[in-house]
There are 2 protein chains.
Amino acid sequence: MIFMAGSSHEFQSVVWEAASFDSAAMIEAELINVLEDSQGAVRDICLHILNAGGKRVRPLLVWHSGLMFGPDSHDLKRTAVAVELIHMASLIHDDIIDGSELRRNRPTVQKQWGNHRAVLGGDYLFAKAFGVLADSGLIKPLGIMVRAIQDMCQGEILQDGDQFNSRVSLERYYDRITKKTAVLLEASCKAGALVSGATELQAASIGLFGLNLGLAFQIIDDILDLCGDESKMGKPKYTDLIKGNLTLPIILLMQEPQYQGWLMEKFNEENLNQRVLAKIEAAVKDSGVAERAFAVGVSHLEEARHRLKSFVESPARQFLENLTYMLQARAN
Amino acid sequence: MIFMAGSSHEFQSVVWEAASFDSAAMIEAELINVLEDSQGAVRDICLHILNAGGKRVRPLLVWHSGLMFGPDSHDLKRTAVAVELIHMASLIHDDIIDGSELRRNRPTVQKQWGNHRAVLGGDYLFAKAFGVLADSGLIKPLGIMVRAIQDMCQGEILQDGDQFNSRVSLERYYDRITKKTAVLLEASCKAGALVSGATELQAASIGLFGLNLGLAFQIIDDILDLCGDESKMGKPKYTDLIKGNLTLPIILLMQEPQYQGWLMEKFNEENLNQRVLAKIEAAVKDSGVAERAFAVGVSHLEEARHRLKSFVESPARQFLENLTYMLQARAN
């Protein structure tokens, strides 16, 4: 990749591993624990998605946002686990929506078990998440999660309606990635903080950290989908463009007079072949649009770090700050 | 239809209309109110499923179960609405699972908007339901609903696994219809009662009323799917058999020596044509199995009425009792 980042990916991974080891292991154990009572095919689906791994970013956001305002607690752990269950449910349903066959190099739930069971498996995990919160009387996090899910649904449908719409504006793109990705990260930080006794104002502020982290995450993901190294990604490239989802690099490229007409023409044909896709990737790189899009992502990471500055230093704050640098290094 | 019932369908409809008019109108207004803030395609989907109508049995169960133990209240109304939202969400997802194209003579959500939006529309309504409960701090009903949804998911997947399995036992059928249908009716009654101050024991008892009502409802629905009058049903006949879901009349018919071998043979072929389906319907009627299955349904209605007897007489109790007679008359 062409991007420069603050530090190497390897170094950041080590930081991540060290800082998150204890809490990640604890979250993993609790996830297994709450899914213990599922049965039959539901159980198989839950274990499939659980064992697919993932960095557990959302529960770690809950956990460390919480630790910034109070000691660790059972309620904080339950909130962290609930958020990951919601994320897992939304992954299963997203894969139905996108018709994806692979996730992290393994078959998706709907590929392996069919649409039917994928719908139900997702519903089960959503219910489980709310059950975890309800059983602990965690009504505030519950309200926050509910609103995040509603936004996520609206965001996915928004994306659906925008396909191959070459007039998609930057504003509309932001609305889409906010709802699709950033709101759940915002919700994770807010919920963790509130459970640990933060004021509404503090929770809103740490929520903005999560929101900006989420925007950066999605922007970088969108760049990688176009310009990334397929062998490292565990999923095929160009999925956004093939489905007609116009992301930041494409929107920026459309603003370049020399590419505008050509792109419009290709999108009107709708069926983009691999040769055209590779040409678009080359244009995004050659025009400098890739770097500009990456800079936009980084600006959100800077905003996220700025939000952290208003809180006293602590290992938890340091963990969240490290997270922003890790993400910045992801494009390397 | 061949069945006798306690009173004519027309009479019972009048009773229903009179007893439920005020509360049904109130529930309808509140449903519209809570869906007010949805946008775009999500809004269209919500309104489509809302306007498809339905008898609003579940919210009316919440409402009248609640009124048996206390005055009407905002919390009771919110609980009633949340249950209907859960029911609406599950209808949307069920229609994806079943690949149904019609519901109540109108196109299903996935027929009109596609699988993608149907998944998201259902998720949105689930989240909305939990939001309604969380916003009012109704943590007990929330826990009850969560467990009902988990059971519903497990039940649907159970059904999925049993298709064309001619060894499906009565026990397994009961497990399936309990989870698929009866648990949400049980949950409705329990939640309404608890919100209005019933003891856990009282709530469990009125819950058993709902459970038996639900079992009877599903058994009668299963009989009608096989022996009903298509023009009255608003959906095609034989859907269970075509999908390989063996229901009570079929399980009873399998126990008749003269039909057993013939049925096994047909199920092994899996692809049942209309001629075979009509022959199975005739066999169910001629053998007396239809009446026996109906009698099983009625026995659950009697058990439901028995549960009501332990509570003092009230208009709410009368409403719930009327409901059992209405259902009994449904087969007429």
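Please treat every number below as a calculation from the coordinates, not as lab data. A quick note: this is a predicted structure, and the numbers were derived from the prediction, not measured. Here the Cβ positions follow ideal geometry from the backbone for every residue, glycine too, while neighbour counts run over all protein chains shown.
In peptide B:107-119, how many Cβ atoms from other protein chains are near each Cβ within 10 Å, on average? Whole-number average of other-chain Cβ neighbours for B:107-119 is 3.
What you get for the protein assembly as shown, charging only the Cβ of Lys and Arg (+1) and of Asp and Glu (-1), is a dipole of about 60 debye around the Cα centre. Across chain B, Cα-Cα pairs more than 33 Å apart make up 26 percent of the total. Placing a label point 7 Å from Cα along the Cα-to-Cβ axis, A:G137 is separated from the same position in the other copies by 1.1 nm, shortest listed first. For A:R103, the residues 5 or more places off, or on other chains, whose built amide H falls under 5 Å of its own are A:T108. Computed from backbone phi, the HN-Hα couplings of region B:299-310 come to 4, 6, 5, 5, 4, 4, 5, 4, 4, 5, 4, 6 Hz, rounded to whole numbers (Karplus: 6.51 cos²θ - 1.76 cosθ + 1.60, θ = phi - 60°; Gly and Pro given as x). The per residue volume of the convex hull around the alpha-carbon atoms of region B:51-169 is 134 Å³.
Please rank B:C189, A:C46, fewest neighbouring Cβ atoms within 10 Å first, as an exposure proxy. Walk me through the intermediate numbers first.
Details: B:C189 33, A:C46 26.
Least to most surrounded, the residues fall as A:C46, B:C189.
Over 18 Å between Cα atoms, which of B:K77/B:K190; B:K140/B:K190; A:K77/A:K180; A:K180/A:K285; B:K55/B:K232; B:K140/B:K180 qualify? All intermediate terms of the calculation are to be shown ahead of the outcome.
Details: B:K77/B:K190 14 Å; B:K140/B:K190 10 Å; A:K77/A:K180 24 Å; A:K180/A:K285 26 Å; B:K55/B:K232 15 Å; B:K140/B:K180 22 Å.
Exceeds cut-off: A:K77/A:K180; A:K180/A:K285; B:K140/B:K180.
Grouping the Cα pair distances of the protein assembly as shown into 20 Å bins from zero gives a pair-distance distribution of 18, 47, 28, 7, 0 percent in increasing distance order.
Cut-off is 10 Å between beta-carbons; in what order do B:F294, B:F164 appear when sorted fewest neighbours first? Present the calculation step by step, with values, prior to reporting the outcome.
On the way: B:F294 25, B:F164 16.
By the 10 Å Cβ count, ascending: B:F164, B:F294.
Among A:M145, B:M326, A:M254, A:M152, sorting on how many other beta-carbon atoms sit within 10 Å of each Cβ, with the fewest leading, yields A:M254, B:M326, A:M152, A:M145. When B:S310 is represented by a point 7 angstrom out along its Cα-to-C-beta vector, the spacings to that point in the other copies are 5.6 nm, nearest first. When peptides A:134-141, A:122-129, A:278-285, B:89-96 are sorted by average Cβ neighbour count within 10 Å, with the highest value leading, the order is A:122-129, B:89-96, A:134-141, A:278-285.
The alpha-carbon of B:K111 sits under 21 angstrom from the alpha-carbons of these lysines, leaving out residues fewer than 8 places away in its chain: A:K243, B:K235, B:K237, B:K243. Once the Cβ-Cβ distance of A:S287 and B:N105 is raised to the sixth power relative to R0 = 56 Å, the FRET efficiency obtained is 0.55.
Dividing the helix sum by the residues of chain A, where each DSSP H run of 4 or more adds -39500 (n - 2.57), gives a mean residue ellipticity at 222 nm of -25000 deg cm²/dmol.
Using a ≥ b ≥ c from the Cα gyration tensor of region B:121-221 (square roots of the eigenvalues), is it rounded, prolate or oblate, where a/c under 1.5 gives rounded and otherwise the larger of a/b and b/c decides, a/b for prolate? It comes out oblate by the Cα gyration axes. Using C-alpha pairs under 8 Å with a sequence gap of at least 6, the mean separation divided by the residue count of chain B gives a relative contact order of 24 percent.
Per residue of peptide B:216-228, the mean number of Cβ atoms on other chains within 10 Å of the residue Cβ is 0.
Remark: label point of A:N268 defined 7 Å out from Cα along the Cα-Cβ vector; separations to the same position in other copies 6.1 nm, ascending. Bridgeable lysines around B:K309 (alpha carbons under 16 Å apart, same-chain partners fewer than 8 residues away excluded) are absent.
Shielding of peptide B:137-146 by partners, expressed as the average count of other chain Cβ atoms within 10 Å per residue Cβ, is 5.
What is the packing order of peptides A:208-215, A:176-183, taking the mean over residues of other C-beta atoms within 10 Å and listing the highest first? Before the final figure, lay out the partial values.
Working: A:208-215: 25.5, A:176-183: 22.0.
The densest-packed peptide leads the list: A:208-215, A:176-183.
The HN-Hα couplings worked out from phi for region B:32-42 by the Karplus form 6.51 cos²θ - 1.76 cosθ + 1.60 (θ = phi - 60°) are 4, 4, 6, 8, 4, 8, 6, 10, x, 5, 4 Hz, whole numbers, x standing for Gly and Pro.
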